[in-house]
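Beneath this line is the structure, given in structure tokens, with notes to follow.
Just so it is clear, none of the values below were taken in a lab; they were calculated from the coordinates. Being a predicted model, the structure only gives us computed values, none of them experimental. Quick reminder, even Gly has a Cβ in these numbers, built from the backbone with ideal geometry, and neighbours come from all protein chains shown.
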Amino acid sequence: MKILIKSFVVLAFLFFSSPAVSKKRPATEGPSPDLTQFYNDTNFKYFEARLPRVTVMVSEEPDSPDLGETVPCGEHCYSITIYSSLVPDYNEQKMVELHEMCHVDMDELGIQEFDQHGPNFQTCMVSLAKKGAFASLW
């Protein structure tokens, strides 16, 4: 009985002290005001506010095998969707969003590469890392 009680106490401690429990829970379906604000803040801080405004969506059901996707919806218009069933952690959703922002940047700059994750895309991601965009996320 003592072992059962000790096990319960340890499990309760681990559960309630887990950083994942204290994280703000993201929206699981539809527009995400928090991720849209993260996009706007990141755009200003790391992209010199040159990216167009977007609404970031969260969807539980992936429309693709990717963790997220960016779809153009017109001139200077994009839809970014993060698939929460594949990326349930809020900080990881932000990392996926940074990745998608590099796709928006490449498109806005008119850079078309055979490999959508080619050298110019990689330069964008490395630049974000060097500037500290991922520092609070990993």
- Given the Cα-Cα distance of Glu92 and Trp138 and 0.36 nm per residue of separation, how much length would full extension add, in nm? 15.7 nm
- Per the rule of 0.36 nm per residue minus the C-alpha distance, extending Asp34 to Phe114 adds in nm 25.5 nm
- Taking region 31-107, which trypsin sites (Lys or Arg not before Pro) meet the DSSP loop condition and have no more than 15 other C-beta atoms within 10 Å? Arg50, Arg53
- Item | Net charge over other residues, Cβ less than 12 angstrom from the Cβ of Cys77 (K, R count +1; D, E count -1) | -2
